[in-house]
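Novice: Here it is, the structure, as structure tokens.
The values are calculated or read from the model by the stated rules, or taken from the named source; none is laboratory data. Model, not experiment: these values are computed from the prediction. All Cβ positions, glycine included, derive from the backbone under ideal geometry; neighbour counts span all protein chains shown.
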Amino acid sequence: MYLSSTFVVIYKKVGYTESCTLFTHVTNIRFYFHSISDLPAISAGPVRQEAFLKLHDHEYTPDYPITVRPMGEISGFPVRPGMFDVNGALPLPCGVNFTIHTHGGTSCELLLFHRGEEEPYAVLPFPESYKIGDVYSMIVYGLNIREFEYAYRVDGPYDPARGLLFNKNTILLDPYARAVTGQNIWGVKKPQHYHARVVKDVFDWGDTKQSTREMSELVIYELHVRGFTRHPSSGVEHKGTYAGLKEKIPYLKELGINAVELMPIFEFDECMDVREVNGKRLLEYWGYNTVSFFAPNTSYAASVEFNREGTELRELIKALHDNDIEVILDVVFNHTAEGNEKGPSFSFKGFDNNIYYMLTPDGNYYNFSGCGNTLNCNHPVVQQMILECLRYWAISYRIDGFRFDLATILGRNEDGSPMNNPPLLKTLACDPILSNVKLIAEAWDAGGLYQVGSFPANHRWAEWNGRYRDALRGFLKGDCWQSWDAAWSISGSGDLYGGYYSATNDNYAGYNSCVNFLTCHDGFTLYDLYSYNEKHNEANGWNNTDGANDNRSWNCGEEGETSNPDVLSLRYRMIRNACAVLLCSRGTPMFLSGDEFGSTKFGNNNSYCQDNEISWLNWDLLSKNHDLFEFFRFMIAFRFKHPIIRQKLPDAVCGMDAIHTHNINAADVTIPRDARTLSVSFAGYDSEKGEDDIIYLSVNTYWEDVEISLPALTHGGAWYLCVNTFGDQYGRYCYPEGQEVRIDGKFIMRPRSVAVFTVKKF
């Protein structure tokens, strides 16, 4: 029931009562509105309204009148059967349409609550005549959406061995709720039961054009909405909120990234497993415990948005788009906050436990998520919900992409077995609404399924390249046996994504299928990667048993914080090395917010519960490590200046191969398996600039100087040094355009350093 253009609604009087004075003296009344949701409520009574739409001076008469006359009364409310194909709660001019479905339930009740109260002021059982198939739908007249909250109760069989958990006394949150009540104050224990609120979306996106950037054109910046600005040093007015992040957009523009990946912003309950360790209150800080898939997390809003939930988030997204920054959401469709057999029942369990979750033959929960339950993603009902959810966020919030947490679960059958052609993944890949939306898979799960390079429909889906992370972490710190994997990874992981593009092979998918990263929320920050040999998660309260043990980190000589200038110098060089390699690798680079100025979590590699200085970005480090920030900024800009890193170009005029790996002597294109020094070259013709675009990346992980030779140039031009992470005698690590240093044939790679060269004409 949505129209994008202004239209005229003509109400024709058929009959009226004394209370319906609006229609007493006129027969045709015209009103101008922008959407049907803007129409005024009409008094209840035997009034039949026939709506005619006038668009651009043309009148359209529907084939049948839209009748909104109540047909009955339940608990004192005028009601009639609703719109069965519209899930959730939809505000109408005359009331609210409520639609819900349950396959195993035998009856359903709608509960209405006054705001903030636990006992309903009205209970409306759905009549059997208000049911089609498994779907209950009812229009309730005379409701003011500002004055009530709602929930459901569903009756049915209780047989846990068969996965049936119906309980007529359990208050259930609408799975399609657009807003969850009682969640707007961070860290405050929520009411006993989750209720939903009816949301009226009046946000005007204007004619903003959807981004059509390829994945390969992005530099992704992963951040936590609260943690990004919560620290006192953030300098924003609205700390820890959508509005606070909006205040930081000038910083993001200065850094140069063009995509932010927001950690979960679906409604979650940070107090669900609240506990205290060593005097500190620990919460579910990250947000990977979804309560409602369709509702934004209201505790991230700086202002209270009753019945307008999501407005501040939309303002943030529009502001980011206005600054040419895309928005990717980290979404969690692998499990919910209801947990295992001991977990609460507040929504999905009560509507159809055996449909929404993967269950063992005896009715227990498969736990491929590591969080107690696993969403049954390839059941048609769950498929439909996920598709509707993603469409909703793409349309109503103009989201540019989704990163799917533990995405291999989306490809598991109802018994947990991996599927060859999972219907959900194919559906999302081919959906017309989502056709320009980025789909990024974390291509593994807690059940041991690992699909990096083999995720189904990988020509449409991108993947977090876990091999890139592991290989480059190891190689950069000196694990020479990682040299081949490192070379493959820098070159675009052609061994995983269909080989390299050539005249005889056009199957290479790595340009848009490969997301390269060294750090993310899960694990060490980049500073900690070179400050700690071991994780230090004692503050989490699990005796340091949680979090990954295989970090491939190196403390550079001392564990943790130090004042040793030699150790600190090496650490910052290693960070520059990682940055230079990441941004000169083929594929889409992603890095963790704060890495650009040396953010630390003090060795904690699993800060999921730390809503404090461990997780919050300390912006004082930006001024302390401003030279590091400037290096990141340079490398991001450098990547955008050189399309050969990001995409296939026509063959280079100079005759260099499009892509190659090199030993210390550039003419030797065979890298020893135990190499400590290697180079990768990219070459092609940039038609826009009318010249070759050539990049030569050299990495020396050895602790001594190594002399390398550069490829011979046969068509004129010379090699120029653009980046040297070791630094020169003037303390420079990079050279802006026009200031590059000419290199004749050979170059001394300093210990544990990275150098980047380009070719310029004489």
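Novice: Hey, any hits in segment 255-275 for a residue that's under 26 Å from residue 590 (Cβ atoms) and part of a helix (DSSP H, G or I)?
Specialist: Yes, because at least one residue in segment 255-275 is under 26 Å from residue 590 (Cβ atoms) and part of a helix (DSSP H, G or I).
Novice: Mind checking whether some residue in segment 446-453 is closer than 22 Å to residue 224 by Cβ, modelled with pLDDT of 90 or more and either in contact with a helix residue (DSSP H, G or I) (Cβ under 9 Å, 6 or more places away or on another chain) or not basic (Lys, Arg) (or both)?
Specialist: Within segment 446-453 (the criterion being closer than 22 Å to residue 224 by Cβ, modelled with pLDDT of 90 or more and either in contact with a helix residue (DSSP H, G or I) (Cβ under 9 Å, 6 or more places away or on another chain) or not basic (Lys, Arg) (or both)), the answer is yes, since at least one residue qualifies.
Novice: Can you pull out the residues in segment 134-155 that are touching a residue at least 24 places away in the same chain (Cβ under 8 Å), surrounded by fewer than 21 Cβ atoms within 10 Å (Cβ to Cβ) and of a type outside the set (A, V, I, L, M, F, W, C)?
Specialist: 134, 142, 146, 147, 155
Novice: Does at least one position in segment 552-566 carry a residue that is on the phi < 0 side of the Ramachandran plot and touching a Gly at 6+ places or on another chain (Cβ under 6 Å)?
Specialist: no
Novice: Could you identify the single residue in 445, 431 that is acidic (Asp, Glu), out of contact with any Phe, Trp or Tyr (no Cβ under 8 Å at 6 or more places or on another chain) and either under 26 Å from residue 349 (Cα atoms) or surrounded by fewer than 19 Cβ atoms within 10 Å (Cβ to Cβ) (or both)?
Specialist: After ruling out the rest, the residue left standing is 431.
Novice: When you go through (1) free of Cβ contacts under 8 Å to residues at least 40 places away in the same chain; (2) of a type outside the set (Ser, Thr, Tyr); (3) in contact with a Ser or Thr (Cβ under 7 Å, 6 or more places away or on another chain) one by one for residue 383, which number turns out not to apply?
Specialist: With (1) free of Cβ contacts under 8 Å to residues at least 40 places away in the same chain; (2) of a type outside the set (Ser, Thr, Tyr); (3) in contact with a Ser or Thr (Cβ under 7 Å, 6 or more places away or on another chain) applied to residue 383, the lone miss is (1).
Novice: Here is a follow-up. Suppose we keep only residues that are crowded, with 19+ Cβ neighbours inside 10 Å and charged (D, E, K, R) within segment 218-238. Which one would you say is farthest from the chain's Cα centre (by Cα)?
Specialist: Per the criteria, the residue is 230.
Novice: Considering each residue of segment 579-614, count those that are in a loop (DSSP other than H, G, I, E, B) and in contact with a Cys (Cβ under 6 Å, 6 or more places away or on another chain), and give that number.
Specialist: Number of matching residues: 1.
Novice: For a quick check of your reading: which strands (runs of 3 or more DSSP E) sit entirely within segment 615-723 and have at least 3 residues that are buried (at least 18 other Cβ atoms within 10 Å of the Cβ) and either outside the structural domain of residue 575 (by TED's automatic domain parsing) or in contact (Cβ under 8 Å) with a residue 40 or more places away in the chain (or both)?
Specialist: Per the criteria, 659-662, 677-686, 691-700.
Novice: Turning to a different aspect of this structure: If you scan segment 558-613, which residues turn out to be in contact with a Leu (Cβ under 6 Å, 6 or more places away or on another chain) and small (Gly, Ala, Ser)?
Specialist: Listed by number, the residues that qualify are 578, 593, 594, 598, 599.
Novice: Got a sec? Which of 651, 674 is under 30 Å from residue 570 (Cα atoms) and among the acidic types (Asp, Glu)?
Specialist: 674
Rundown of residues vs (1) among the small types (Gly, Ala, Ser); (2) surrounded by fewer than 20 Cβ atoms within 10 Å (Cβ to Cβ), yes/no style:
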| position | (1), (2) |
| --- | --- |
| 490 | no, no |
| 519 | no, no |
| 524 | no, no |
| 541 | yes, yes |
| 545 | no, yes |
| 563 | yes, yes |
| 567 | no, yes |
| 571 | no, no |
| 578 | yes, no |
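Novice: Moving on to the next point. Only residues that are surrounded by fewer than 18 Cβ atoms within 10 Å (Cβ to Cβ) and at pLDDT 95 or above: list them for segment 86-101, please.
Specialist: Selection gives 86 alone.
Novice: Name the single residue, out of those in segment 529-539 being of a type outside the set (A, V, I, L, M) and more than 23 Å from residue 278 (Cα to Cα), that is surrounded by the most Cβ atoms within 10 Å (Cβ to Cβ).
Specialist: Checked segment 529-539; the qualifying residue surrounded by the most Cβ atoms within 10 Å (Cβ to Cβ) is 531.
Novice: Something else: How about segment 324-377: which of its residues are of a type outside the set (A, V, I, L, M, F, W, C) and closer than 22 Å to residue 439 by Cα?
Specialist: If the condition is that a residue be of a type outside the set (A, V, I, L, M, F, W, C) and closer than 22 Å to residue 439 by Cα, then 324, 326, 330, 334, 335, 336, 369, 374, 376 are the ones that fit.
Novice: In addition: For residue 467, all conditions in the list (1) at pLDDT 95 or above; (2) more than 23 Å from residue 495 (Cα to Cα); (3) out of contact with any strand residue (DSSP E or B) (no Cβ under 9 Å at 6 or more places or on another chain) hold save one; what is the number of the exception?
Specialist: Failing condition for residue 467: (2).
Novice: State whether one or more residues within segment 423-437 are of a type in the set (Val, Ile, Thr), in a helix (DSSP H, G or I), closer than 20 Å to residue 681 by Cβ and touching a residue at least 24 places away in the same chain (Cβ under 8 Å).
Specialist: No, segment 423-437 contains no residue that is of a type in the set (Val, Ile, Thr), in a helix (DSSP H, G or I), closer than 20 Å to residue 681 by Cβ and touching a residue at least 24 places away in the same chain (Cβ under 8 Å).
Novice: What do you reckon, is residue 177 buried (at least 22 other Cβ atoms within 10 Å of the Cβ), over 27 Å from residue 415 (Cα atoms), among the small types (Gly, Ala, Ser) and out of contact with any Asp or Glu (no Cβ under 7 Å at 6 or more places or on another chain)?
Specialist: Yes: the conditions hold for residue 177.
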